[in-house]
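Inspection log for the structure reproduced underneath, given as structure tokens.
The values are calculated or read from the model by the stated rules, or taken from the named source; none is laboratory data. Please read all numbers here as calculations on a predicted model, not as lab measurements. Cβ coordinates were reconstructed from backbone atoms using ideal geometry, including for glycine residues, and neighbour counts include every protein chain displayed. When the accessible area is computed, the model is the full protein with side chains, heavy atoms only, and any ligands, DNA or RNA have been set aside. Shrake-Rupley method; radii C 1.70, N 1.55, O 1.52, S 1.80 Å.
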Amino acid sequence: MTKPLSFYSTNQNAEAVSFSKALLKGLAPDKGLYMPENIPVFSKEDISNFKNMEYYEIALEVIYKFLKNEISKEKLKEIVKDAYNFEVPLEKVSKRKYILRLDQGPTASFKDFAARMMGRLMAYYLKNENHNLLILTATSGDTGSAIANAFYKLDNIKVLVLFPEDEVTLRQRKQMTTLGKNIQIVAVDGKFDDCQAMVKEAFSDSELDYLHLSSANSINIGRLIPQIVYYFYSYSRLAKKEDESVVFSVPSGNFGDMMGGIIAKNMGLPIKKFVIATNENDEFPVFLKTGIYNKIEPSRNCLSSAMNVGHPSNLARLVALYGGIMDEKGNISKIPDIDRLRKDIFAVSVNDNHTRDTIKEVYDRYNVILEPHGSVGWFGLQEYLKSESDIDENQLCISLETAHPAKFPEEIIQLLNIDPNLPKSLQGIENKEEQYDKLDKDYSGFKDYLKQNY
Ligand SMILES: *Cc1c(COP(=O)(O)O)cnc(C)c1O
């Protein structure tokens with residue numbers, strides 16, 4: 001039997017570990033992010049064969065490449081089949097230009113793709129090792145509901161989500177508070193930053209070691225690998241000939257989504273260009289242009305709120321893949337290959353006016369409904385196409401839609417004068433019964449609560 005693939009830390013000051021260790025640890029001991037030592041590749045023939053496979057079957061092939069010798073293919077097949085039981089539609093906008101709708105999961109956000117797989121893999125390894133975990137996470141709305149839904153009813157795992165009482169919408173709250181079972185929710189009388197500070201303090205409190213706390217945030221390698229799959233999937237549905245090139249546009253915040261795509265490219269997918277579209281938090285577009293990296297603190301508030309990120313937590317991974325080293329604070333000790341980054345990536349910052357105008361324009365011209373995040377991606381793609389004078393009109397382009405428009409009803413009604421239909425997963429949620437506790441933004445009270453409940 002060959003050795004499992006190992007995963008190194010981007011800070012290069014911790015030992016390389018297997019996938020299951022990296023998954024259960026989250027962050028490496030040197031505070032770096034785990035990355036695969038080698039990126040496995042598919043042949044052109046493998047990639048071409050994907051066109052006859054369903055989503056979960058492609059997921060099995062892609063994910064198994066990273067988990068070989070750590071899980072049987074049969075077991076992994078069970079897991080992917082259970083995780084991916086929803087549609088992944090591609091919507092045509094114009095000639096060879098498509099929207100990939102990643103909004104059909106249980107919380108209507110692309111985060112479902114990663115969270116559902118990570119939860120199931122964690123449950124599998126924990127059961128094997130006879131361990132339990134308490135997932136502790138703070139949310140401003142969407143991450144908490146994706147995590148709560150993804151881990152719902154899984155064995156060996158409990159979830160506790162803290163949210164700022166006045167900062168989440170009723171619908172976001174109900175997506176978390178109506179589950180019950182292994183999911184516990186706490187409203188904090190404070191802001192998102194207060195919730196996050198309480199969570200952070202709990203993680204560094206040795207008196208709570210007995211709880212086996214784990215975070216499920218976007219830096220976990222177990223969330224990154226599932227995000228490679230939909231690049232292969234969407235390409236397989238649309239490519240007309242072997243090795244046809246494709247442009248992907250990815251609305252980006254913490255860069256987890258786009259890292260999945262970059263890894264897909266390294267695995268052999270013929271991606272001509274990535275468009276990384278950010279909102280007004282333009283630290284990356286500026287970096288790509290100037291070679292100088294400055295975080296944006298505090299981050300700027302934009303319409304595409306899930307992308308209000310002044311320092312993308314996955315950026316260290318991108319830097320590592322291009323030969324550089326960036327630490328967890330954003331300091332670069334070794335400069336990545338900027339020329340190669342520029343060759344692969346077109347980065348663009350999109351302001352709120354363009355975001356709104358694009359939602360309107362795409363609806364008026366093509367009858368396609370975008371929401372603010374997907375709109376940033378689509379606008380970014382248009383900017384790229386304009387910048388390339390010799391691009392073929394038949395160039396295949398796929399822009400990612402990361403949330404369902406019905407999650408932003410006020411904005412959509414105001415811009416388009418229509419109230420988008422709720423996806424099935426969110427229908428009737430207003431009438432479900434809620435259960436949650438309330439706490440002050442005070443760590444000692446929170447610590448007592450943890451000790452009493454777990
Ligand atoms: C999280 C999120 C993003 C950003 O994804 P990253 O992986 O953090 O870049 C974009 N759109 C929506 C709707 C999200 O919830």
Accessible-area order for 178, 290, largest to smallest, probe 1.4 angstrom, reads 290, 178
Here the FRET efficiency for residue 41 versus residue 334, based on Cβ atoms and R0 = 25 Å and rounded to 0.05, is 0.50
Normalised Cα Rg of the range 15-92, dividing by 2.2 N^0.38 Å with N its residue count, works out at 1.31
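At 4 °C and 1.567 mPa s, what whole-number value in µm²/s does Stokes-Einstein give for the translational diffusion of the range 282-427, with Rh from the Kirkwood sum over Cα pairs? Mind showing how you got there, number by number?
Working: Rh = 17.2 Å.
Answer, rounded: 75 µm²/s.
Compute the projected area of the convex hull of the Cα atoms of the range 113-190, averaged over all viewing directions, and report it in nm² to one decimal place. Spell out each step's value before the answer.
Working: hull surface 18.8 nm².
For the range 113-190, the mean projected area of the Cα convex hull comes to 4.7 nm².
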To the nearest Å², the heavy-atom accessible area per residue of the chain with 1.4 Å probe amounts to 43
Once all protein chains are kept in place, residue 31 shows an accessible area at probe 1.4 Å, nearest 10 Å², of 110
Whole-percent carbon and sulfur contribution to the accessible surface of the range 209-258 (1.4 Å, no ligands, DNA or RNA) stands at 44
Once the dipole of the chain is set up from charges on Cβ (+1 Lys and Arg, -1 Asp and Glu), the residue from the list 379, 326, 345 lying farthest towards its positive end is 345
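Quick one: putting +1 on the C-beta of Lys and Arg, -1 on the C-beta of Asp and Glu, what dipole do you get for the chain around its Cα centre, in Debye to the nearest 20?
About 1160 debye.
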Cα-only Rg/Rh for the range 199-270 with Kirkwood Rh rounds to 1.21
So the carbon and sulfur contribution to the accessible area of the range 354-416, 1.4 Å probe, in percent, is 42
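On a 1.4 Å probe surface of the protein chains, which of 282, 392 comes out largest in accessible area, and what is the full order?
Ranking 282, 392 by accessible area, largest first, yields 392, 282.
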Under a 1.4 Å probe, counting only protein heavy atoms, residue 212 has an accessible area in Å², nearest 10, of 90
Carbon and sulfur atoms account, in whole percent of the 1.4 Å probe accessible area of the range 37-119, for 42
Cα extents of the chain per principal axis, largest first, Å, are 65, 59, 44
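Report, for the chain, the % of DSSP beta bridges that are antiparallel, rounded to 5. Walk me through the numbers on the way to the answer.
Values: 11 of 49 bridges.
Taking every DSSP beta bridge with both residues in the chain, the antiparallel ones total about 20 percent.
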Of the listed pairs 360/438; 111/329; 21/441; 240/334; 158/265, those with alpha carbons more than 31 Å apart are 360/438; 21/441; 240/334; 158/265
